[in-house]
Each structure stands twice: as structure tokens, then as C-alpha cells.
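Working notes, structure below.
The values are calculated or read from the model by the stated rules, or taken from the named source; none is laboratory data. Note that the structure is predicted; figures quoted are calculated from it, not measured. Because the Cβ atoms are built from the backbone with ideal geometry, glycine has one as well, and the counts that use them run over all protein chains shown. Accessible surface is based on the protein model in full, side chains and every heavy atom, while ligands, DNA and RNA are left aside. Shrake-Rupley method; radii C 1.70, N 1.55, O 1.52, S 1.80 Å.
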Amino acid sequence: MRLDKLLANSGIGTRKEVKKFLKKNLVKVNDVIAKKPEMHINPEEDQITFDDIPIEYEPVVYLMMNKPAGYVSATEDDEHETVIDIVPEYMHLDLFPVGRLDKDTEGLLLLTNDGKFSHQLMSPKHRVPKRYYAEVDGHINEDAIKKFEKGIDLGDFTSSPSELEIIESGESSKAIVTIYEGKFHQVKRMFHSIDCEVTYLKRLQIASLELDEQLELGEYRHLMEEDFKLLNL
């Protein structure tokens, strides 16, 4: 890999800025001052420093976030803050959210720059379960369980068979729902079809990976080896 590309991808600056840093003797490779931006290096073997600070190169990133309400699941938006704005130190790596959570929905959201990883988790043909906790206005009747199991006609598509667990039913109700795709506003629309309006929604789990309870809203961490195993990847 070219030295200037590695430095740019590590967030040091643009390619143009990196060239200026090289001219100022701020970059070293294996303790030797480097001046040529086209210099080829091995990120796994060579030691690179910028202003005597070691550079840790992360070509591919996988993050788990406890998404707060108020942020849209997009890489950019003209009107609202995005989940990418929460991780500014990784913006140079072109991260994107794996699937989407509505602006007012909280909970488990994965961020990466690995397209294959995202496709494996979000493609409907892979039927990866996504589990949500929902609070709604309206009674959730027992017959709703069978409706969810059968699949609900939402007009533009029919949901795949899903699982509904009623926690509490009354004028305000609570439930757990597991779906196997992720269409726009899908969970809200499914509840709307049984005359219930979602007032709070939080994603708890993707595949067998649960949201880390130690993460406060807006916090995130790297996925660990055991996390990938729980994702069945």
C-alpha cells in the first residue's frame, strides 16, 4: 500500500495534506524519516508514526452502537444528524449503517465499511432474525400472534412470518417482535395493521448477537471475535 493512502485512510489528513506532512519530516517508517508519498509499505509489518505517534491502521471496521433517537440511519442527510456523525474518528473510512433504524428508534445498530458483511446480515434471503422491544398504544390481542406468524399484507409487500410475544396488553401494551427482513417502518406498520400505534421501539438483537447492556445511548464499541460467532458469519 502507498504511504500517503495509508495515512489518509488513518485519518491523518487528505492526500494533499499528507504530502505537506511528509515534507515537514513528520512521518517515519521503521524509525526512518519518510518523504515519498508513493513509498510502498506493509501495514502489518512496518511501523509508521506521525509526529512520533504510532499509526494503527484499520482497513475494515465493525462497530456495535446503541443508537439514540433523533439520528437517521444514513451516511449523510441535509436536514438531520446521522449515526455517522456519532463516530467522527471513523468518517475517513466511509462507514455505513448495516440496515436501518428509524430516526426515533433506539438500540442495536451495526456500522461497517464491509459491504459483504452488511449483505449477509440484511439480505432477506438469508432470513437473519432481528428482535425488537415495542411499546404501543392499543390492546394487543392473542389473535395478533397468529397474524404475525402468517405474515401481514402491508400493501406494497407481505411480511415474512414473524414472532410476536405479548408482555403486557391494555390501553398501552408492550411486546417483543422478531422479523426476518427489514423494510421501511416495517415493525410500526405491522402493529398499525392490528390497530396499535408504536410509541417506543428498540432493537435488541440481530441473529444471536444482543445489544451490549453496558453501552449507553450513543456509545459504541468494536465487535469482538465472539460477536461474529453470534452473528453466525
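Give just the number: which of (1) of a type in the set (Phe, Trp, Tyr); (2) outside any loop (DSSP other than H, G, I, E, B); (3) open to solvent by 40 Å² or more (accessible area, probe 1.4 Å) does Tyr57 not satisfy?
Failing condition for Tyr57: (2).
Filter the range 202-216 for residues that are open to solvent by less than 90 Å² (accessible area, probe 1.4 Å) and closer than 23 Å to Lys103 by Cα and give the result.
Lys202, Arg203, Leu204, Gln205, Ile206, Ala207, Leu209, Leu211, Asp212, Leu215
Is it the case, given these coordinates, that Pro88 is under 15 Å from the mean Cα position of the chain (by Cα), surrounded by fewer than 17 Cβ atoms within 10 Å (Cβ to Cβ), of a type outside the set (Val, Ile, Thr) and at pLDDT below 95?
For Pro88, the condition - under 15 Å from the mean Cα position of the chain (by Cα), surrounded by fewer than 17 Cβ atoms within 10 Å (Cβ to Cβ), of a type outside the set (Val, Ile, Thr) and at pLDDT below 95 - is met.
Here is a list of conditions, (1) open to solvent by less than 60 Å² (accessible area, probe 1.4 Å); (2) within 27 Å of Phe117 (Cα to Cα), and Glu219 meets all of them except one; can you say which number that is?
Here Glu219 clears every test but (1).
Can you confirm whether Ile176 is outside any loop (DSSP other than H, G, I, E, B), free of Cβ contacts under 8 Å to residues at least 40 places away in the same chain, touching a strand residue (DSSP E or B) at 6+ places or on another chain (Cβ under 8 Å) and of a type in the set (A, V, I, L, M, F, W, C)?
For Ile176, the condition - outside any loop (DSSP other than H, G, I, E, B), free of Cβ contacts under 8 Å to residues at least 40 places away in the same chain, touching a strand residue (DSSP E or B) at 6+ places or on another chain (Cβ under 8 Å) and of a type in the set (A, V, I, L, M, F, W, C) - is not met.
Checking the conditions here, which among Ser159, Ser172, Ser193 is at pLDDT below 95 and of a type in the set (S, T, N, Q)?
Ser159
Here is a list: Phe184, Phe228, Phe157. Which entry is open to solvent by 70 Å² or more (accessible area, probe 1.4 Å) and among the aromatic types (Phe, Trp, Tyr)?
Result: Phe184 is the single residue among Phe184, Phe228, Phe157 that is open to solvent by 70 Å² or more (accessible area, probe 1.4 Å) and among the aromatic types (Phe, Trp, Tyr).
Which residue, of Ala144, Ala134, is part of a helix (DSSP H, G or I), modelled with pLDDT of 95 or more, open to solvent by less than 80 Å² (accessible area, probe 1.4 Å) and not polar (S, T, N, Q)?
Ala144
Taking Glu165 as meeting all but one of (1) assigned to a strand (DSSP E or B); (2) of a type outside the set (Val, Ile, Thr); (3) open to solvent by less than 70 Å² (accessible area, probe 1.4 Å), write down the number of the exception.
(3)
Identify the residue in the range 106-125 that is touching a helix residue (DSSP H, G or I) at 6+ places or on another chain (Cβ under 9 Å) and either open to solvent by 80 Å² or more (accessible area, probe 1.4 Å) or of a type in the set (A, V, I, L, M) (or both) and, among all such residues, is farthest from Glu181 (Cα to Cα).
Leu111
May I ask you to verify whether Lys103 is open to solvent by 10 Å² or more (accessible area, probe 1.4 Å), in a helix (DSSP H, G or I) and on the phi < 0 side of the Ramachandran plot?
When the stated conditions are applied, Lys103 does not pass them.
When the residues of the range 16-36 are narrowed to those that are outside any helix (DSSP H, G or I) and touching an Asp or Glu at 6+ places or on another chain (Cβ under 8 Å), which ends up farthest from Gln47 (Cα to Cα)?
Looking at residues that are outside any helix (DSSP H, G or I) and touching an Asp or Glu at 6+ places or on another chain (Cβ under 8 Å), I get Leu26.
Scanning the range 70-85 for residues that are part of a loop (DSSP other than H, G, I, E, B) and out of contact with any Ser or Thr (no Cβ under 7 Å at 6 or more places or on another chain), which turns out least open to solvent (accessible area, probe 1.4 Å)?
Ser73
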